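Following: one structure in structure tokens, then a few remarks.
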Amino acid sequence: MCYVSRMGAPTVLLLIPPLTQLNTPYPSTAYLAGFLRSRGLPVAQADLGIEMVLRLFSRSGLLSVFERIRANAGDAPGEARQMLALEHAYLESIDPVIGFLQGQDPMLAPRLARSGFLPEGPRFAAASLPPDQADTDRARRRATLYLEDLADLIQATISPHFALNRYAEHVARSASSFDPLLASLAEPEGPTERLLLAALWDHMERVNPSLVGITVPFPGNVYGALRIAKAIKERRPEVRIALGGGYANTELRRLTEPRLFDLVDYVTLDDGERPLLCLIELLVDERKETDLRRTFLRDKDGKVVFRDGCRESDFGMVEAGCPTYQGLALDRYLSILDTTNPMHRLWSEGHWNKLTVAHGCYWKQCTFCDVGLDYIGRYDVTPSAILADRVERLAAETGRRGFHFVDEAAPPSGLKGMAIELLERRMAISWWGNIRFEEAFTPDLCRLLAASGCIAVTAGLEAASDRLLASMKKGITVEQTALVAAAFHQAGILVHAYLMYGCPGETTQETIDALERVRQLFAAGVVQSGFWHRFTATAHSPVGLNPAAHGITILGPPFGGFAENDLIHEDPAGESPDWLAQGLRTALLNYMEGRGLQRDVRGWFGHPVARPRVPSEWISRIIRRQRADDPLAERRFIWIGGQPVIEPGTKGASRVILPNRRCDTIVPLPAAEAYWLLNLIGQATPGDGTQGRYPRLAEVRAAFPLGGATKFDRLLRTAAWRRAREAGLLLV
């Protein structure tokens, strides 16, 4: 296996183009930087998106914006002219607002929370602010509206590509041909592009890289990435440029467009560690071009070729190393507040250290998903001890104890192992991540995850119809989803559901029924947030690869040599009129804010629809059911409470005091059973990796010293046992 010597290694600069999030860096460069540094290779990273935004949203940046608008004021819309009249108010307030959103000046909250300081544009008029909202949240919400007003102004007047969470997305979405992107790149640089490139050259001069890697996770990053690449090629043509990330992995797998390689030298697919290492080895003549890993390039004849002759395997989760945020100024990001929903705001609030429990998906059967591609199909779990080591390392590096596990679907067993490891190390963190609504997420497992710091989960409910879930091979039922969501809710964990409509063969009636089930889930409090999107057949999913088997016909678009992912399809058996989208979106937005939960779902639509066929008590009947303990199930005892105490009672009985962080539970038991319970809790208590043996239920039952399995089964049915379980004696 060939490794680059440290002395001769070229310096790599990894870049995040505009624009993903304002509150935290996209994690791809952090993963790759951690990998390269673990091998002693020189690497730097920068988020040009946040740097562009901060240069724009400053006094000098806005002064330039207003000067440009004023030069063409006759063509500006009315809202722009109104904001132009308040130029001095915007210039006076922009730096304090940015500082507040960066967490530098929390004492500004009372002033920002009230009218009179911030100029209030169109976004304020359309927003509803809860009157009882705390000053800090109200201030952040108003500051967010203020930035959104400015973003709308900039987009409408001087930079049509600009938005707060994407950049020129319309140019790259479904870009089967490279022509629209090339035409946009041929236009003169706009004011926001100039700010972007000014930030770029600061890093290029500081780092002087030989290889620049640009991550492109979404269509909204493509134009910015290519603007960056174009500028580097024009000024520093000797620098090699590699493009990778989620967009390339899904949309550029059939790439034949040679003109792209006027801007970049390489396009890599799937996990970037091995392809990037191969490119570094190529640059120092330690690898042949034919031996690269999953890399497109243009050959000497001007044709696009794909090189995948590398004999070494991809790196597993253990070898990939720990991400690092060194080089990314976390204190410069903006913690905005675009919703009051406690779950939904996790995406835009604060920094979350990113880690992965497992690579890929352990289910990988859903027909709408890219199950054959590497990011889904190659499944590899991080050992719990190594994962906990990385948690400790990132918490120490960043000073932040919030973690977002960015799995395709974190496995229940992996989360259980991680939770136990965190409890054994007594690590106090907050974390959330993506899961499947698996039956394996029992109420006790959910309580264990909560004890380890889990605050929220996201998962796909998709169509909320058993027929459609079976058709798409989702492997869950709606009832199962409700039970799992209820288990998380009872453990104090927020739940976000990804939803889908317009699936192959889905009727309007089924969509209305799905909305009624979702309404009931929200009304019962077991789901707190959701996002509803329209089904799209994608090129690499089972539906896209074999549309006839799913009853649809692919109509296009014709492949033009560049991107291929979202396909236009015809569904003779399905019914998904465009007006459904608005009703579903409006209903869900209201549900997330706690409004309209008792309203007839038909009222959200501007067209007549049939009454839902779902019983009004559907959810209440489901969540009343209890999953009973199975004495023969393969589970272990884990205690998540405090140190128990025995006090003498009367008539030979004892009082077992089981403390937890909210209250004490008193369990009266005969003395022999009381001391047996204390011994069991001792074996089941996590601590320093050695204290807890975590006895198996079947072993405890068989070895029960006070009457064997028969007496143990009788104990399971007592109120005392139930109280001990409620106090924190878990079976997982």
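Structure notes:
- ILE623 being at pLDDT 95 or above, within 30 Å of LEU422 (Cβ to Cβ) and open to solvent by less than 60 Å² (accessible area, probe 1.4 Å): no
- Residue list for region 626-646, filter: modelled with pLDDT under 90 and either open to solvent by 50 Å² or more (accessible area, probe 1.4 Å) or in contact with a strand residue (DSSP E or B) (Cβ under 8 Å, 6 or more places away or on another chain) (or both): GLN626, ARG627, ALA628, ASP629, ASP630, LEU632, ALA633, GLU634
- Residues located in region 129-150, provided they are open to solvent by 20 Å² or more (accessible area, probe 1.4 Å) and acidic (Asp, Glu): ASP132, ASP135, ASP137, GLU148
- Count - residues of region 717-732 that are in a helix (DSSP H, G or I) and open to solvent by less than 40 Å² (accessible area, probe 1.4 Å): 5
- Enumeration of residues in region 265-276 that are of a type outside the set (A, V, I, L, M, F, W, C) and either on the phi < 0 side of the Ramachandran plot or in contact with a Gly (Cβ under 6 Å, 6 or more places away or on another chain) (or both): ASP265, TYR266, THR268, ASP271, GLY272, GLU273, ARG274, PRO275
- Apart from one condition, ALA497 fits all of (1) touching a residue at least 40 places away in the same chain (Cβ under 8 Å); (2) within 20 Å of the chain's Cα centre (by Cα); the exception is (1).
- Output for region 76-103, where each listed residue is surrounded by fewer than 18 Cβ atoms within 10 Å (Cβ to Cβ), farther than 17 Å from LEU56 by Cα and in contact (Cβ under 8 Å) with a residue 12 or more places away in the chain: PRO77, GLU79, GLN82, LEU86, GLY103
- Count of residues meeting criterion [in a strand (DSSP E or B), in contact with a Gly (Cβ under 6 Å, 6 or more places away or on another chain) and among the hydroxyl-bearing types (Ser, Thr, Tyr)] in region 644-702: 0
- Flag if ARG693 is under 13 Å from GLY728 (Cα atoms), under 35 Å from the mean Cα position of the chain (by Cα) and open to solvent by 80 Å² or more (accessible area, probe 1.4 Å): no
- Restricting VAL543, VAL526 to residues that are touching a residue at least 24 places away in the same chain (Cβ under 8 Å), open to solvent by less than 30 Å² (accessible area, probe 1.4 Å), touching a Phe, Trp or Tyr at 6+ places or on another chain (Cβ under 8 Å) and more than 16 Å from GLU462 (Cβ to Cβ) narrows the list to VAL526.
- Among the residues making up region 345-376, a single one is under 30 Å from ARG55 (Cα atoms), in contact with a helix residue (DSSP H, G or I) (Cβ under 6 Å, 6 or more places away or on another chain) and either in a loop (DSSP other than H, G, I, E, B) or open to solvent by 30 Å² or more (accessible area, probe 1.4 Å) (or both): HIS351.
- Residues that are hydroxyl-bearing (Ser, Thr, Tyr), buried (at least 24 other Cβ atoms within 10 Å of the Cβ) and touching a Gly at 6+ places or on another chain (Cβ under 7 Å) are absent from region 247-264 altogether.
- Among the residues of region 52-72, those identified as farther than 12 Å from ILE154 by Cβ and open to solvent by 30 Å² or more (accessible area, probe 1.4 Å) are ARG55, ARG59, SER60, LEU63, GLU67, ARG70, ALA71, ASN72.
- One residue alone among GLU238, GLU193 is free of Cβ contacts under 8 Å to residues at least 40 places away in the same chain, surrounded by fewer than 23 Cβ atoms within 10 Å (Cβ to Cβ), of a type in the set (Asp, Glu) and out of contact with any Cys (no Cβ under 8 Å at 6 or more places or on another chain), and that residue is GLU238.
- Helices (runs of 4 or more DSSP H) wholly inside region 1-76 that include at least 2 residues being of a type outside the set (Asp, Glu) and at pLDDT below 95: 59-71
Yes/no matrix, rows are residues, columns are (1) of a type outside the set (Ser, Thr, Tyr); (2) over 19 Å from the mean Cα position of the chain (by Cα); (3) more than 30 Å from GLY574 (Cα to Cα):
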residue	(1), (2), (3)
ARG393	yes, yes, yes
SER413	no, yes, yes
LYS416	yes, yes, yes
LEU422	yes, yes, yes
PHE437	yes, no, no
CYS454	yes, no, yes
ILE476	yes, yes, no
GLN480	yes, yes, no
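- Taking first residues from region 172-187 that are within 11 Å of VAL222 (Cβ to Cβ) and partners that are open to solvent by 70 Å² or more (accessible area, probe 1.4 Å) and not small (Gly, Ala, Ser), the Cβ contacts under 7 Å between residues at least 6 apart in sequence or on separate chains come to PHE178/ARG259.
- Region 151-173: number of residues that are within 20 Å of PHE261 (Cα to Cα) and open to solvent by less than 60 Å² (accessible area, probe 1.4 Å): 2
- Picking from residues in region 196-230 that are among the hydrophobic types (A, V, I, L, M, F, W, C) and part of a loop (DSSP other than H, G, I, E, B), the one that is most open to solvent (accessible area, probe 1.4 Å) is PHE218.
- Test: residue in region 506-522 that is open to solvent by 10 Å² or more (accessible area, probe 1.4 Å), within 26 Å of the chain's Cα centre (by Cα) and small (Gly, Ala, Ser): no
- From ARG55, ARG39, residue being within 30 Å of CYS278 (Cβ to Cβ) and basic (Lys, Arg): ARG39
So that you can scan it fast, the table gives a plain yes or no per residue for (1) under 26 Å from the mean Cα position of the chain (by Cα); (2) in contact (Cβ under 8 Å) with a residue 40 or more places away in the chain; (3) open to solvent by less than 40 Å² (accessible area, probe 1.4 Å):
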position: ALA563; (1), (2), (3): yes, yes, yes
position: ILE568; (1), (2), (3): no, no, no
position: SER576; (1), (2), (3): no, yes, yes
position: LEU589; (1), (2), (3): yes, no, no
position: ARG595; (1), (2), (3): yes, no, no
position: ASP600; (1), (2), (3): no, no, no
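- GLU187 being open to solvent by 10 Å² or more (accessible area, probe 1.4 Å) and farther than 22 Å from PHE162 by Cβ: no
- Screening ALA653 with (1) at pLDDT below 90; (2) open to solvent by 50 Å² or more (accessible area, probe 1.4 Å) gives one miss only, at (2).
- LEU276 being among the aliphatic types (A, V, I, L, M), within 29 Å of ASP407 (Cβ to Cβ), open to solvent by 10 Å² or more (accessible area, probe 1.4 Å) and assigned to a helix (DSSP H, G or I): yes
- Residue in region 116-128 that is surrounded by 12 or more Cβ atoms within 10 Å (Cβ to Cβ) and more than 15 Å from LEU147 (Cβ to Cβ) present: no
The values are calculated or read from the model by the stated rules, or taken from the named source; none is laboratory data. Note that the structure is a prediction, hence the values are computed from the model and not measured. Backbone-built Cβ (ideal geometry, glycine too); neighbour counts: all protein chains shown. In case anyone asks, the SASA skips ligands and DNA or RNA and just uses the protein heavy atoms, side chains included. Shrake-Rupley method; radii C 1.70, N 1.55, O 1.52, S 1.80 Å.
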